[in-house]
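*Asks:* Structure in structure tokens, see below.
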Amino acid sequence: MKRKETQSIRTQTERTKFGEHSTPIYMTSSYVFDNAEHMRAMFAGEEEGNVYSRYSNPTVDEFIDKIALMEGAESGWATASGMAAVFSTFAALLNAGDEVLSSRSVFGSTHKLFTQIFPKWNIKTNYVSATNLDEWEDAITPNTKILYLETPSNPALDIIDLAKAKEIAEKHNLIYVVDNCFTTPVIQNPIEFGADLVIHSATKYIDGQGRGLGGAIVGRQHLIDEIEAFARHSGPCLSPFNAWMLSKSLETLQIRMERHSENALEIAKRLQNHKQVQWVKYPFLENHPAYEIAQKQMSMGGGIVTFGINGGLEAGKNFLDSLKMFSLTANLGDSRTIATHPASTTHSKLSEEERQKVGITQGLIRLSIGLENVEDIWEDIEQALG
Ligand SMILES: *Cc1c(COP(=O)(O)O)cnc(C)c1O
């Protein structure tokens with residue numbers, strides 16, 4: 001079997017008669033049939049092939065086949081965004097009355113689904129601490145059906161032991177789902193540690209240049225079949241154009257993640273020695289509370305670094321205002337370095353107690369370290385801290 005870099009480059013849809021090197025964008029909503037009998041057979045599912053692009057499309061297939069291979073998954077389904085992947089997974093697999101067990105710090109829109117949308121269908125979520133797996137079993141009820149987590153968490157960068165979570169999922173017969181957006185298929189493969197499904201927002205590192213949205217769900221065939229049955233008719237399908245762009249981006253994912261991680265580790269180390277900085281968190285810094293676990297399940301540290309700035313809320317806002325090169329934007333995983341201040345933006349509506357529960361202090365700054373020269377990245381941080 002080919003190695004990951006090669007899979008991401010050499011997994012390709014069959015060439016057309018024109019012999020193109022790069023895969024075409026199959027920008028078509030439907031497909032024609034040879035004759036009435038062919039059409040009948042296709043609709044009956046007796047013959048393989050494409051019928052309508054809400055169900056399947058060659059460019060979209062190439063993208064999802066690559067992600068499935070890179071994650072070591074049996075199968076996959078591509079979606080229009082990361083949230084379409086998250087929503088489709090729960091909507092397909094849960095019934096009214098079911099419950100989700102989830103690590104507390106999940107992506108903002110996932111939190112909104114858990115707390116505002118799913119309760120409309122009598123689906124309840126029980127949150128547990130990312131750092132204390134001992135409390136997880138107590139939160140499981142006879143109705144719990146899915147165990148869901150993100151690691152490293154956003155923005156606290158807590159690391160959850162994927163193998164330990166598997167033991168809990170297995171003991172209680174739960175479907176084990178991991179949002180692997182922060183690490184990408186290059187750095188961490190939750191299926192190796194027992195996950196049943198892995199979700200990606202391809203909008204982040206997989207695109208890597210902030211151009212478009214996309215998502216993916218990969219994992220066990222029987223679960224993907226259920227998700228497909230839901231998604232074919234509810235319509236969260238990925239556009240062929242975005243699939244083409246994302247599939248091209250996958251070809252450089254390995255080298256990009258290496259540079260993101262290298263730059264981020266260097267910045268984390270330099271921040272540690274700066275007098276305006278209270279603390280620094282990065283999975284591959286030896287002082288990370290779960291450093292050993294990170295080493296076990298991640299091949300690199302990734303591109304996200306968080307730190308606490310002296311002076312709290314005002315100092316955090318001042319730091320952002322003083323940056324000259326960094327982008328102030330809600331995205332992450334871009335080739336351009338991005339800074340955010342969660343306490344005054346994404347998490348400003350939470351109470352202080354809620355913020356503490358997900359590890360967000362007033363002075364927490366989240367950096368998504370880009371691919372610029374690391375000296376230029378550091379210069380901007382240094383002058384803004386000054
Ligand atoms: C961005 C993100 C999502 C949602 O992805 P979209 O493509 O923006 O819909 C889900 N999970 C995590 C961890 C994310 O960072």
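*Asks:* Being within 17 Å of the chain's Cα centre (by Cα) and either among the aromatic types (Phe, Trp, Tyr) or away from the ligand (no atom under 11 Å from the Cβ) (or both) is the filter here; which residues of the stretch 206-227 pass it?
*Replies:* Hits for the stretch 206-227 are 208, 209, 210, 211, 217, 218, 219.
*Asks:* What are the residue pairs meeting all of these: first residue in the stretch 88-99, first residue at positive phi, second residue outside any loop (DSSP other than H, G, I, E, B) and surrounded by fewer than 19 Cβ atoms within 10 Å (Cβ to Cβ), Cβ atoms under 9 Å, and 6 or more apart or on different chains?
*Replies:* Between residues of the stretch 88-99 that are at positive phi and residues that are outside any loop (DSSP other than H, G, I, E, B) and surrounded by fewer than 19 Cβ atoms within 10 Å (Cβ to Cβ), the close pairs are 97/124.
*Asks:* Restricting to the stretch 161-172, and then to whatever is free of Cβ contacts under 8 Å to residues at least 60 places away in the same chain and in contact with a strand residue (DSSP E or B) (Cβ under 9 Å, 6 or more places away or on another chain), can you tell me which residue is nearest to the ligand (Cβ to nearest atom)?
*Replies:* Per the stated criteria, the residue is 165.
*Asks:* Cβ-Cβ below 9 Å, separation at least six or inter-chain, first residue in the stretch 198-212 and under 17 Å from residue 77 (Cα atoms) and touching a residue at least 24 places away in the same chain (Cβ under 8 Å), second β-branched (Val, Ile, Thr) and surrounded by fewer than 24 Cβ atoms within 10 Å (Cβ to Cβ): which pairs?
*Replies:* 198/191
*Asks:* Test of understanding: among 143, 122, which residue is of a type outside the set (D, E, K, R) and either on the phi > 0 side of the Ramachandran plot or not assigned by TED's automatic domain parsing to the domain that holds residue 214 (or both)?
*Replies:* Testing whether each residue is of a type outside the set (D, E, K, R) and either on the phi > 0 side of the Ramachandran plot or not assigned by TED's automatic domain parsing to the domain that holds residue 214 (or both) leaves just 122.
*Asks:* Take the residues of the stretch 117-141 that are under 22 Å from residue 353 (Cβ atoms) and within 16 Å of the ligand (Cβ to nearest atom): which is surrounded by the fewest Cβ atoms within 10 Å (Cβ to Cβ)?
*Replies:* Here the residue is 127.
*Asks:* Also, I was wondering about something else. With the condition kept exactly as written, say whether any residue in the stretch 191-200 is within 16 Å of the ligand (Cβ to nearest atom), within 22 Å of residue 336 (Cβ to Cβ) and surrounded by 24 or more Cβ atoms within 10 Å (Cβ to Cβ).
*Replies:* Checked against the condition, which is being within 16 Å of the ligand (Cβ to nearest atom), within 22 Å of residue 336 (Cβ to Cβ) and surrounded by 24 or more Cβ atoms within 10 Å (Cβ to Cβ), the stretch 191-200 yields at least one hit.
*Asks:* Within the stretch 51-61, does at least one residue satisfy the condition of being surrounded by fewer than 18 Cβ atoms within 10 Å (Cβ to Cβ), closer than 28 Å to residue 203 by Cβ and aromatic (Phe, Trp, Tyr)?
*Replies:* The answer is yes, given that some residue of the stretch 51-61 is surrounded by fewer than 18 Cβ atoms within 10 Å (Cβ to Cβ), closer than 28 Å to residue 203 by Cβ and aromatic (Phe, Trp, Tyr).
*Asks:* Can I ask one more? I'd like to check which helices (runs of 4 or more DSSP H) are fully inside the stretch 1-79 and have at least 2 residues that are in contact with a Leu (Cβ under 7 Å, 6 or more places away or on another chain), polar (S, T, N, Q) and under 30 Å from residue 257 (Cα atoms).
*Replies:* Filter on the stretch 1-79 gives 4-10.
Quick grid of which residues meet (1) more than 21 Å from the chain's Cα centre (by Cα); (2) in a strand (DSSP E or B); (3) over 30 Å from residue 250 (Cα atoms):
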{"residue": "127", "(1), (2), (3)": "no, yes, yes"}
{"residue": "146", "(1), (2), (3)": "no, yes, no"}
{"residue": "149", "(1), (2), (3)": "no, yes, no"}
{"residue": "195", "(1), (2), (3)": "no, no, no"}
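The values are calculated or read from the model by the stated rules, or taken from the named source; none is laboratory data. The structure presented is a predicted model; accordingly, all values stated were derived computationally and were not measured. Positions of Cβ are backbone-derived with ideal geometry, glycine not excepted, and every protein chain shown enters the neighbour counts.
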